[in-house]
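For reference, the structure discussed in these notes is given below.
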Amino acid sequence: MSTETLAVTSEFFAPRPAIDDLLSEFLTQKERSAPVPGQSALIRILRDFISGGKRVRPLLCVTGWIAAGGRGDITQAVRLAASIELAHTCALIHDDIMDASDSRRGRPTIHRSLADRHHVARMAQQYGLGGAILLGDLALVWSDELLHTTLMPEAHRARVLHCVDLARSELIAGQHLDLLTTGKLHASLETMLSVIRYKTAKYTIERPLQVGAALAGAGPEVMNACTAFGIPLGEAFQLRDDVLGVFGDPDRMGKSRLDDLREGKSTSLIVHALRVCGPAQADRLHALLGDPDLGEREAAEIRSILTGTGARRAVEHMIEERYRQALDSLTVAPFPSNAIRTLEDVAEAVVHRTA
């Protein structure tokens, strides 16, 4: 989802240059002061990786700050937002390792890129994996540095840290559940929705909004409104990812649409298809899904089954249901009108995006 495909008000994107500048200056300073030989090169890889990010979560953090009444100097909200982006970078790097993905944002994943740089072929893969794990860890450490140097009233700090801790622990729990269900094609709809809620919905929409709102000193009413909007929209976000991961344009997405199929992920599409398809179609799905050598011809067969069984239509219906629920929540949310307009645009863009 690039900024070109995310047609949101300019107010939503207004903090992005400040977030980008802070990240660039922070990593440049780290590169210049790197005490260990070879670390500067690693930091340059990290900076290059971050440069391609969409900034959805950090921008939602700033939006949450505004929604909770934040106004005036935006500096500390930007610093907190940059911390969220570095933590997200850690999550992406490690996720690509777990998914054995080759590409991210139209470029080789970090572990693939590092492996390609190694001078001993038989050690290259292990070096790439190890280096990527360390680079993800480093991004998380520096996320904490930005987090703990963000200036805020002490009365707000405990709430901010609590929201950050929840976001991270929920993401890890959701990711683990995703690993447990990968290859289990008959996972229940309830299990699939749990993966979506904890791996994506809370982490992508609800918690970033709440972190920013907590910085502004939000009370329970505002925090609950962030949840009422964030959970359904976050679920719609992942459901749209499920559809794009199989039916999307890989050139627009910057990654392969074969990855989920090759891994045998139990996505919403697969769960729906297996609930209604006949024995022959179920046999084909079981035979094809999870094949690491699966090609476009086999993927086309899977897409045909997902469309013919009505699975794609059912997931599109789930997306629209959650989209309406998110919008309905804004009609009673105690947010200023400019924040509500921005969140309405965010919801539209997230749900109906093509990349």
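Laboratory data are not the source of any read-out in this text; all were calculated from the coordinates shown. These numbers were taken from a predicted model, which means no experiment stands behind them. With ideal geometry, Cβ positions are generated from the backbone for all residues, glycine too; neighbour counts draw on all protein chains shown.
Which FRET efficiency value, to the nearest 0.05, is calculated for residue 321 and residue 31 with the Förster distance at 35 angstrom and r the Cβ-Cβ distance? Walk me through the intermediate numbers first.
Values: r = 47 Å, r/R0 = 1.34.
Computed FRET efficiency for residue 321 and residue 31: 0.15.
Can you tell me which lysines have their Cα less than 26 Å from the Cα of residue 202? Leave out same-chain residues fewer than eight positions away.
54, 184, 255, 265
Work out, step by step, the length gained on full extension between residue 24 and residue 189: first 0.36 nm times the residue separation, then minus their alpha carbon distance; give nm to one decimal.
On the way: separation 165, 0.36 × 165 = 59.40 nm, distance 4.20 nm.
Net length gain for the segment: 55.2 nm.
If you project the alpha carbons of region 43-83 onto their three principal axes, what span does each projection cover, largest first, in Å?
37, 16, 11
Over region 40-177, calculate the relative contact order: mean separation of alpha carbon pairs under 8 Å at least 6 apart, over the residue count, as a percent.
For region 40-177, the relative contact order is 25 percent.
Grab the Cα-Cα distance for residue 155 and residue 119, subtract it from 0.36 nm times how many residues apart they are, and report the gain in nm with one decimal.
Length difference between fully extended and current span is 7.8 nm.
Output the relative contact order of the chain, whole-number percent, from Cα pairs under 8 angstrom with separation of 6+ residues. Walk me through the intermediate numbers first.
Details: 514 pairs, mean separation 78.2, N = 355.
Worked out over the chain, it gives 22 percent.
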